[in-house]
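Below is one structure, written out as structure tokens; comments come after it.
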Amino acid sequence: MNTNTLPKLSLEAIEQACEAYISQHMAQDSAHDLAHIKRVVVSARQLANAEGADPFIVVPAAWLHDLVNLPKNHPERHLASGMAAEQASVFLSELGYADGALKAIKHSITAHSYSAAVVPETVEAKVVQDADRLDAIGAIGVARCMMVGGQLGRELYQTLDPFCEDRRPDDTTFSIDHFYNKLLCLADSFQTQAGKAEAKRRTAFMETFLDQLRSEIV
């Protein structure tokens, strides 16, 4: 990245500004709160170090990726990451980011979203997408799935076929179906080598969780 497109601030100062901004402007829910953002930032830093990505692009994109957060069942959910990218760009330009860096950050934010279905074209965008998807799987992914399911009034599982053995998953009705509709499939979508390795480990935990659940309810 051309250093002329980057702000004169330190990365620490940029992070502090981003955290203050989202604390005031980001709509939060039980699964998309400040704790979620901080976990994604930590993962993004780790993946950026492993993949050689520019932290001045990755870190603010990770902080601001859910700046516009629409509910899972909102009809414009797939547009939220693009809206977040535009709002983040305005804010970051005030911190001194110029067009080249802003374009890279906007793409990283837009492409992070599963529902947006935008292919990440840069290593920074791949890192941010992987960091966000890591927070959807593993132990934290199980917890978030249950929180969102409860928030949306979904049943925990379908009693006749809890694990979708003879039916198509319906995660608009049953929380456990979301594992079969999305969560167990996410590992195949990871872009970076470091992300793929961690996704494999977290997916194995989710499979263990489902095995334990099966032993308790079937």
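Within the stretch 87-101, residues that are under 13 Å from THR5 (Cα atoms) reach partners that are at pLDDT 95 or above and loosely packed, with under 14 Cβ neighbours inside 10 Å with beta carbons closer than 9 Å, at six or more positions or on different chains, in the pairs LEU95/ALA13. Identification of helices (runs of 4 or more DSSP H) wholly contained in the stretch 111-218 with 3 or more residues that are in the same structural domain as VAL59 (by TED's automatic domain parsing) and under 20 Å from SER81 (Cβ atoms) yields no element. May I ask you to verify whether ASP177 is buried (at least 22 other Cβ atoms within 10 Å of the Cβ) and in contact with a Pro (Cβ under 7 Å, 6 or more places away or on another chain)? Yes; evaluated as a whole, the condition is true for this residue.
Each residue in the stretch 187-206 was checked for being within 13 Å of the chain's Cα centre (by Cα) and surrounded by fewer than 19 Cβ atoms within 10 Å (Cβ to Cβ), and 1 of them qualify.
Is it the case, given these coordinates, that ARG39 is modelled with pLDDT under 90 and among the charged types (D, E, K, R)? No; evaluated as a whole, the condition is false for this residue.
The values are calculated or read from the model by the stated rules, or taken from the named source; none is laboratory data. What you see is a predicted model; the values in this text were computed from it and never measured. Here Cβ is always computed from backbone atoms with ideal geometry, including for glycine, and neighbour counts include all displayed protein chains.
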